[in-house]
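Peer 1: Below: one structure in structure tokens.
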Amino acid sequence: MNNRAIDRLLALVERPSRYIGGEVNSIRKDHSRCELTFGLAFPDAYEVGMSHLGLQILYSILNDETSVAAERFFAPWPDMERLLRQTNTPLMSLESQTPLNRFDIIGFSLQYELSYTNVIAMLELGGVPIFASDRGSHDPLVIAGGPCAFNPEPVAPFFDAIVIGEGEDVITDITRTVTEGKKKGYRRNDFLAVLALIDGVYVPSVHRYGEIITKRTVSDINNWPVPEKPIVPSMKTIHDRVTLEIARGCSRGCRFCQAGMVWRPTRERIPELLGSMAENMLCSTGHDELSLLSLSSGDYSLIESLLTMFMNRYHERKIALALPSMRVETLTGTLIDQIKRVRKTSFTLAPEAGTQRLRNVINKGNTEENLIATTKRVFDAGWKSVKLYFMIGLPTETDDDLAGITDLAYKVLKEGGKKRQLTVSLSTFIPKPHTPFQWHRQISLQEIQERQDFFKKTIRHRNINLRWHDGRMSLLEGILSRGDRKIASLILKAYEQGCRFDGWGDQFRFERWQQALTESNIAIDDYLRERDVDERLPWDKIDCGLDKSFLLEEYHKSFRGDTTEDCRFGNCHRCGVCDKERRIILAADLTEQRDIPAPSSSIPKDPAASEKKFRIQFAKQGTGSLLSHLETTSVLIRAITRSGLSFVFTDGFHPHPKVSFGLACPVGTESMCEFADMHLKNPPEDINDWIRNINDVLPDGLEVLNITKLDPSAPPLSAAITGYRHTMYLPEDALRRRRDTMEDTINAFLAQDEWIVTKEKKGKQTCKNIRPFVTDLKFNENDRSLVMTSRVLVNGGVNPWEILKNVIGIDDETAKLTRIVKTAPILSDGKNHHGKRNDF
């Protein structure tokens, strides 16, 4: 991991762990031994992309092919983008630091319209021409897929090919086609021509006006298990847990929901397969939470039996279960009771509308009584908070419907009692392609703000947290989601104005988009307006399986307030999706025994388990030094779990491993003496085996050096360690101007009782006297190093960078680039401990 082009930049950016790679279960192949290289590009921050199951699935499928090397790219945060441009450093993969433009294929995942400017940024930073028409024979093939691809036109000029539908089998069709083309010496136009022959692949430069592209569908997801060794990020991600897809598709028929329409039909995985996959994923990652993923987890036909099976297996191991997407009426008492056996993971319930009339319009299919009864069960089971999700701007919405949201929120809060908390989240309805509401207008920005102002006035209670989505983002999302090919010029103009990470509130710059709209001659109302039902829509070339007549009938039924029942439990509504290849698959129909027996846990319950305390010493070097303290603790705990050791857990509603760590090591500081105390159940006798086993499952840059058994009465780390010794290796350029005065500078500092430094954090300045923390400071001419001995006091310690900047006088950037190593602890017995191992 040394001498990488990007390493020098990592010390200068926010959250360098986004860029270091080397995570557990990541795969690096020798490109010279592979026939094809594939760059998986996610146009958002690492922590978002690594939370996406689809990326992990494609990564696993591609790398299972011995002839294919698949590596990952994420959008660099603005601070990193600036440095890449300033230093002329290309965007590189995490696995091998190979520039983007050296891959045969680049595949973008389009999950959110407001990430489109990031796509352009990644292409340009990677040295790839932005427009497909400008690419030559030596440039990669740039393809895309994901939910946004169901209207490919706004981004069609940027891509050589766009995959419509599910990617598991089509991705191998693409790689094999391109591999064969490389062997035959295809030119770029030849590649595009053969890609256009693959079902579900849209090639904008090849397909003619009026040609229909039919989505790809995996007929039975039981034939496509999820990755059983998913990559374990070293930093905390948005969804920091194991994600197990239990079902795909939904037939509830909510008329606003694009996912529920385009991912039909419903297909469930059988419990036996889910049980095996969950165990393998948890053992290979060390995660302590399992999320059961589908568009509506409570609709899984054997959900109560499945949840009981998992909780019987995992409650002793303190692995929590989460159901991230629940319909109000499917959250039963049984599910609630099972989930709380380990940890009360959060519930988000989505009534969507405030009145029954409007819920019928959108075909939501649940009632106010359902919501009140469900929230009462949740509160009675001990949960202190619930989240409710509503939409504003729905078709036929009236003032009474808005008032109904307020009334419903207060009814739920009243049901919970005085000490309960409620979060009410408001988002703006956006008409999406391939839904019954695709013809409906989207409300204007002024209307959005008026509705939000209404709720700011009517929902005012200390126990209700009101949240709303930025209406300006919703406005742009509406333009981009129903746009035509003209919108590509808008996206490019916004990119040129500096727009990046437009879905992030702190990065969103609406005024830049306004300027781009003006320069592109795009009229907002042209894209938010109501469409005529006979009008040809930009996405009509895409066949997602739904007959247009079905969507139109649902559109008309909505205005009559007529509802459509779920076809899983009633009549077929002739939507057009199901045929001989595509049909509804329910686990209950495939499983003979409905009451699933709980399999034995891989770690059996031991009521007489003995608890023992140990002190672990570990090193952080190279990229390991770029992990924050919290990231390091998480990585180490998961590694210990993966190695097969069992933690003792705390009691209470939120149990966690009994582990305590020493003083936080600053990001960028290497260390040979990090410590943690941990309590284990029935540990093996051979500690050397532990060390080997843990090191085998640690990511790059972390290494366990020693483990010592402690007496139960041994003092905690906070009492045992009173200070540390650091060595700072000064760059020659920084030392040249200070060598003659270094000793005088150090002596002047040590002679003082006070040395005040000023720090600014989050806009606030604080003053700190750093002198009491430093007991010794010496300069070593031989290796151009400063050696500092410092102590830890009740109010903290001193950061070596504070010495470099405020005592030695080195500028901030040079200080950050200085190699610093924490070499030894100072113990309470007054001894200085040196060497690789420290037994105390």
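Peer 1: What number of residues within the range 428-463 are of a type in the set (S, T, N, Q) and either free of Cβ contacts under 8 Å to residues at least 12 places away in the same chain or surrounded by fewer than 21 Cβ atoms within 10 Å (Cβ to Cβ) (or both)? Spell out the reasoning first.
Peer 2: Of all residues in the range 428-463, those of a type in the set (S, T, N, Q) come to 428, 435, 438, 442, 444, 446, 449, 452, 458, 463.
Next cut, either free of Cβ contacts under 8 Å to residues at least 12 places away in the same chain or surrounded by fewer than 21 Cβ atoms within 10 Å (Cβ to Cβ) (or both) only: 444, 446, 449, 452, 458, 463.
Residues flagged as of a type in the set (S, T, N, Q) and either free of Cβ contacts under 8 Å to residues at least 12 places away in the same chain or surrounded by fewer than 21 Cβ atoms within 10 Å (Cβ to Cβ) (or both) within the range 428-463 amount to 6.
Peer 1: Taking F158 as the residue in question, decide whether it is within 26 Å of the chain's Cα centre (by Cα) and of a type in the set (F, W, Y). Show your work before the answer.
Peer 2: Numbers: within 26 Å of the chain's Cα centre (by Cα): yes; of a type in the set (F, W, Y): yes.
Yes; evaluated as a whole, the condition is true for this residue.
Peer 1: Also: Consider D401 carefully, then state whether it is surrounded by fewer than 16 Cβ atoms within 10 Å (Cβ to Cβ), of a type outside the set (V, I, T) and modelled with pLDDT of 95 or more. Working first, answer last.
Peer 2: On the way: surrounded by fewer than 16 Cβ atoms within 10 Å (Cβ to Cβ): no; of a type outside the set (V, I, T): yes; modelled with pLDDT of 95 or more: yes.
No; evaluated as a whole, the condition is false for this residue.
Peer 1: Let me confirm something: among K836, K762, K778, which residue is of a type in the set (K, R), under 30 Å from L717 (Cα atoms) and at pLDDT below 90?
Peer 2: On the way: K762 fails: under 30 Å from L717 (Cα atoms); K778 fails: at pLDDT below 90.
Exactly one of K836, K762, K778 is of a type in the set (K, R), under 30 Å from L717 (Cα atoms) and at pLDDT below 90, namely K836.
Peer 1: Filter the range 775-813 down to residues that are over 24 Å from R737 (Cα atoms), among the aliphatic types (A, V, I, L, M) and surrounded by 17 or more Cβ atoms within 10 Å (Cβ to Cβ), then give me how many there are.
Peer 2: Result for the range 775-813: 2.
Peer 1: Any residue at all in the range 80-92 that is at pLDDT 95 or above, under 16 Å from the mean Cα position of the chain (by Cα) and charged (D, E, K, R)?
Peer 2: No, that holds for no residue.
Peer 1: Is one or more of the residues making up the range 217-236 in contact with a Pro (Cβ under 8 Å, 6 or more places away or on another chain) and closer than 21 Å to T330 by Cα?
Peer 2: No, because not a single residue in the range 217-236 is in contact with a Pro (Cβ under 8 Å, 6 or more places away or on another chain) and closer than 21 Å to T330 by Cα.
Peer 1: Have a look at I105, I143, I57 and point out the one that is buried (at least 19 other Cβ atoms within 10 Å of the Cβ), hydrophobic (A, V, I, L, M, F, W, C) and either closer than 25 Å to P538 by Cβ or free of Cβ contacts under 8 Å to residues at least 24 places away in the same chain (or both). Outline the logic, then answer.
Peer 2: Details: I105 fails: either closer than 25 Å to P538 by Cβ or free of Cβ contacts under 8 Å to residues at least 24 places away in the same chain (or both); I57 fails: either closer than 25 Å to P538 by Cβ or free of Cβ contacts under 8 Å to residues at least 24 places away in the same chain (or both).
Among I105, I143, I57, only I143 is buried (at least 19 other Cβ atoms within 10 Å of the Cβ), hydrophobic (A, V, I, L, M, F, W, C) and either closer than 25 Å to P538 by Cβ or free of Cβ contacts under 8 Å to residues at least 24 places away in the same chain (or both).
Peer 1: Mind checking which helices (runs of 4 or more DSSP H) fall wholly inside the range 35-95 and carry at least 1 residues that are more than 28 Å from E813 (Cβ to Cβ)?
Peer 2: Numbers: elements: 46-49, 53-64, 78-86.
Counting at least 1 such residues, we get 46-49, 53-64.
Peer 1: Y186 versus (1) touching a residue at least 12 places away in the same chain (Cβ under 8 Å); (2) buried (at least 17 other Cβ atoms within 10 Å of the Cβ): which is the lone unmet condition?
Peer 2: (1)
Peer 1: G210: part of a loop (DSSP other than H, G, I, E, B) and modelled with pLDDT under 95, yes or no?
Peer 2: Numbers: part of a loop (DSSP other than H, G, I, E, B): yes; modelled with pLDDT under 95: yes.
The answer is yes for G210.
Peer 1: Tell me which residues, restricted to the range 625-665, are more than 30 Å from P800 (Cβ to Cβ) and in a helix (DSSP H, G or I).
Peer 2: T641, R642
Peer 1: From the residues in the range 164-207 that are of a type in the set (G, A, S) and outside any loop (DSSP other than H, G, I, E, B), which one is farthest from Q258 (Cα to Cα)? Walk me through it before giving the result.
Peer 2: So in the range 164-207, the residues of a type in the set (G, A, S) come out as 165, 167, 181, 185, 193, 196, 200, 205.
Remaining after also requiring outside any loop (DSSP other than H, G, I, E, B): 165, 181, 193.
Values: G165: 13, G181: 36, A193: 30 Å.
Only one residue fits best here, namely G181.
Peer 1: Does at least one position in the range 467-482 carry a residue that is among the aliphatic types (A, V, I, L, M) and touching a Pro at 6+ places or on another chain (Cβ under 7 Å)? So that I can check it myself, show each step before the final result.
Peer 2: Residues of the range 467-482 that are among the aliphatic types (A, V, I, L, M), as a first pass: 473, 475-476, 479-480.
Pick out the ones that are also touching a Pro at 6+ places or on another chain (Cβ under 7 Å) and you get 480.
There is at least one residue in the range 467-482 that is among the aliphatic types (A, V, I, L, M) and touching a Pro at 6+ places or on another chain (Cβ under 7 Å).
Peer 1: Output yes when any residue across the range 100-111 is assigned to a loop (DSSP other than H, G, I, E, B) and over 22 Å from the mean Cα position of the chain (by Cα), and no when none is.
Peer 2: Within the range 100-111 (the criterion being assigned to a loop (DSSP other than H, G, I, E, B) and over 22 Å from the mean Cα position of the chain (by Cα)), the answer is yes, since at least one residue qualifies.
Peer 1: Would you confirm whether any residue within the range 610-624 is part of a loop (DSSP other than H, G, I, E, B), at pLDDT below 95 and over 30 Å from L490 (Cα atoms)?
Peer 2: Yes, the range 610-624 contains at least one residue that is part of a loop (DSSP other than H, G, I, E, B), at pLDDT below 95 and over 30 Å from L490 (Cα atoms).
The values are calculated or read from the model by the stated rules, or taken from the named source; none is laboratory data. Small disclaimer: the values here were computed from a predicted structure and weren't measured. Cβ coordinates were reconstructed from backbone atoms using ideal geometry, including for glycine residues, and neighbour counts include every protein chain displayed.
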